[in-house]
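The values are calculated or read from the model by the stated rules, or taken from the named source; none is laboratory data. From a predicted model like this one, the values you see are computed outputs, not experimental measurements. Using ideal geometry, Cβ is built from the backbone for each residue, glycine included, and neighbour counts are taken over all protein chains shown.
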Amino acid sequence: MKRALKIGKKAIPAWLLVMALTLAGAGAAVGTVLAPKITGEIPVTVSQALLIDKSGSIYIGGLPSTAPKIATVDDSGAAFTAAFEACNGDLVTIEIPLVNNANQNLYGKLTLWGIPKGVTVDVDPIGEINSAVRIGKYEWLFNVPYNLGSSHDKDLKITIALADNMKPGFYEIHGKIEPVNF
């Protein structure tokens with residue numbers, strides 16, 4: 001008994017149609033079962049216009065020239081770490097050079113963490129950056145004009161004062177720069 005389904009002027013055997021529908025259903029079921037097991041990665045890069053100027057360097061001052069100190073900027077250019085050896089009563093300065101890659105003035109927020117007890121922190125602008133205003137215990141807002149280019153007249157100066165009763169040691173301060181929209 002041969003049966004066929006007639007579509008227009010062509011006839012398709014019924015067994016072929018049943019097979020095709022069965023395979024399509026099995027394929028859909030397999031796809032549903034395997035979906036959670038299929039993984040992959042796509043690299044995506046997101047950047048911001050207000051960054052730490054990597055062509056310059058973070059300056060750590062106020063310490064003897066022999067005192068160990070190091071500063072690093074993360075790959076994104078938006079965060080940094082400054083580490084130094086200091087004694088009680090020392091006044092350490094960290095100058096963060098900034099660059100504004102936008103075609104407009106930008107507001108930024110500096111956030112610091114890793115500040116030990118007994119340390120006083122203040123932030124002041126250097127050059128064309130407008131005043132740095134404290135908005136939290138370790139957060140400051142500031143404005144960076146767009147016409148600064150990459151010269152070093154747009155730094156944020158972080159002043160760290162160690163209390164007289166602090167133990168001498170190695171200190172590590174972390175920070176990040178974020179653009180802020182108003």
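For region 97-135, filtered to residues that are under 20 Å from the mean Cα position of the chain (by Cα) and at pLDDT 95 or above, the residue that is surrounded by the fewest Cβ atoms within 10 Å (Cβ to Cβ) is Trp113.
Answer yes if at least one residue in region 32-47 is outside the structural domain of Pro97 (by TED's automatic domain parsing), over 23 Å from the mean Cα position of the chain (by Cα), surrounded by 10 or more Cβ atoms within 10 Å (Cβ to Cβ) and modelled with pLDDT under 70, and no otherwise. Looking through region 32-47, none of the residues is outside the structural domain of Pro97 (by TED's automatic domain parsing), over 23 Å from the mean Cα position of the chain (by Cα), surrounded by 10 or more Cβ atoms within 10 Å (Cβ to Cβ) and modelled with pLDDT under 70.
Suppose the filter is under 14 Å from Ile58 (Cβ atoms) and touching a strand residue (DSSP E or B) at 6+ places or on another chain (Cβ under 8 Å); does Lys157 pass it? First the steps, then the outcome.
On the way: under 14 Å from Ile58 (Cβ atoms): yes; touching a strand residue (DSSP E or B) at 6+ places or on another chain (Cβ under 8 Å): yes.
Yes: the conditions hold for Lys157.
Just one of the listed residues (Asp155, Asp75) is crowded, with 16+ Cβ neighbours inside 10 Å and of a type in the set (D, E, K, R), namely Asp155. Taking every residue in region 35-61 that is more than 23 Å from Pro179 (Cα to Cα) and pairing it with any residue that is at pLDDT 70 or above, at least 6 positions away or on another chain, the pairs with Cβ-Cβ distances below 6 Å are Ile60/Lys69; Ile60/Ala71; Ile60/Ala82; Ile60/Phe84; Ile60/Ile94; Gly61/Thr93.
Does any residue of region 57-72 turn out to be closer than 30 Å to Tyr146 by Cβ, at pLDDT 85 or above, touching a Leu at 6+ places or on another chain (Cβ under 7 Å) and assigned to a strand (DSSP E or B)? Give the steps one after another, and end with the answer.
So in region 57-72, the residues closer than 30 Å to Tyr146 by Cβ come out as 57-61, 71-72.
Still in the list and also at pLDDT 85 or above: 58-61, 71-72.
From what is left, the residues that are touching a Leu at 6+ places or on another chain (Cβ under 7 Å) are none.
No - not one qualifying residue is present in region 57-72.
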